[in-house]
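Where a number appears in this text, it was derived from the coordinates with a stated rule and is not lab data. Predicted model only: the values in this text are computed from it and were never measured. Note that each Cβ is placed from the backbone with ideal geometry, even for glycine, and that neighbours are counted across all protein chains shown.
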Amino acid sequence: MTTYVLVPGMWLGGWAWRDVTAALRDAGHEVFPLTLTGVADRAHLLGPGTDLDLHTEDIVRLVEAEDLRDVVLVGHSYGGMPVSAAALRLRDRIARVVYVDGGPLPVGTSQHAMAPGPAPEGDAVPPREWDAGKDPVLLAGLDDNALALLRTRCTPHPAASTLQPLGARATSEDVATTLVACSLQPEQIKEMMAAGHPYFAGLTEAEIVSLPTGHWPMLSEPAALAGVLEQCR
């Protein structure tokens with residue numbers, strides 16, 4: 001049995017991991033899908049102080065409160081930011097960190113700094129349009145039901161968490177690390193690593209696993225993603 005903590009990306013709650021969670025539990029594993037403060041069923045807690053530090057604390061508190069050990073800590077997209085910071089604080093409890101189509105970004109870099117566009121106004125970043133016609137690469141593999149679910153259940157994401165620069169965080173030298181490559185091919189990631197691309201700073205020792213689909217594999221390929229995570233022990 002393996003213990004998994006699953007952290008979603010922007011606009012998503014623990015609900016996004018439903019099918020992955022079910023598959024892993026059916027295989028006998030212990031699974032904790034986490035909703036970060038200010039999103040989904042915790043949207044009522046969103047405010048100007050809902051920042052990256054608080055999301056890191058969400059993860060740390062869950063692991064410590066449940067007294068979890070030998071954890072496979074999984075972060076999707078933005079979730080890789082607080083996961084990487086939490087992994088540094090929880091090194092003695094973490095068996096492996098898994099980044100699903102994302103990574104921690106370099107120390108001192110914010111999520112917003114890596115995306116084009118003006119800084120968010122107010123306390124929240126509204127969800128994207130979820131229009132597969134406008135974004136066929138990132139939304140690849142999502143059927144009409146999945147897209148409808150995203151449009152219905154996604155909530156604004158705390159702006160402060162995207163604006164706060166990442167502080168100290170774990171690297172692939174601190175803890176065993178796997179990158180699940182979905183919207184990029186492993187060969188592209190290796191080339192970007194060799195070129196010193198900031199997306200993969202501190203991850204040169206990471207194992208790279210290919211899962212060809214769009215940026216939300218927990219909805220487009222949940223069974224395949226669960227199978228990949230079962231190998232990440």
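Observations on the structure shown:
- Only Cα pairs under 8 Å and 6+ residues apart enter the sum, and on that basis the relative contact order of segment 74-136 stands at 32 percent.
- Considering helices alone, the calculated mean residue ellipticity of the chain at 222 nm is -8500 deg cm²/dmol, with DSSP H runs of length four and up weighted by -39500 (n - 2.57) and normalised per residue.
- Pairwise Cα inverse-distance average, inverted: Kirkwood Rh of segment 80-140 (Å): 14.4
- For A95, the residues whose modelled amide H falls within less than 5 Å of its own, excluding neighbours fewer than 5 places apart on the same chain, are D70, V71, V72, L73.
- Inter-part distance where segment 24-40 and segment 49-67 are each reduced to a Cα centre, Å: 14
- For a label point 7 Å along the Cα-to-beta-carbon line of A65, residues of segment 12-40 with backbone N under 20 Å: 12-18, 30-40
- Per-residue ³J(HN,Hα) for segment 42-52, Karplus 6.51 cos²θ - 1.76 cosθ + 1.60, θ = phi - 60°, Hz, x for Gly and Pro: 10, 5, 5, 9, 5, x, x, x, 7, 10, 5
- With both labels modelled 7 Å from their Cα along Cα-to-Cβ, the R151 to E187 distance reads 3.7 nm.
- Residue-wise HN-Hα coupling along segment 164-176, computed from phi with Karplus coefficients 6.51, -1.76, 1.60 (Hz; x: Gly, Pro): 6, x, 5, x, 4, 8, 6, 10, 5, 7, 7, 8, 4
- Placing +1 on the Cβ of every Lys and Arg and -1 on the Cβ of every Asp and Glu, with no other charges, gives the chain a dipole of roughly 100 debye about its Cα centre.
- Residue among Y199, L184, P217 farthest towards the positive dipole end of segment 150-233, charges placed on Cβ: P217
- Among (1) 40, 39, 35; (2) 65, 34, 33; (3) 46, 41, 32, the entry that matches Cα extents along the principal axes in Å as calculated here: (1)
- Fully extending the segment from V137 to A95 would add 11.9 nm, taking 0.36 nm per residue of separation and subtracting the current Cα-Cα distance.
- Sorting 74-81, 8-15 by average packing, meaning the other beta carbons within 10 Å per residue, from highest down gives 74-81, 8-15.
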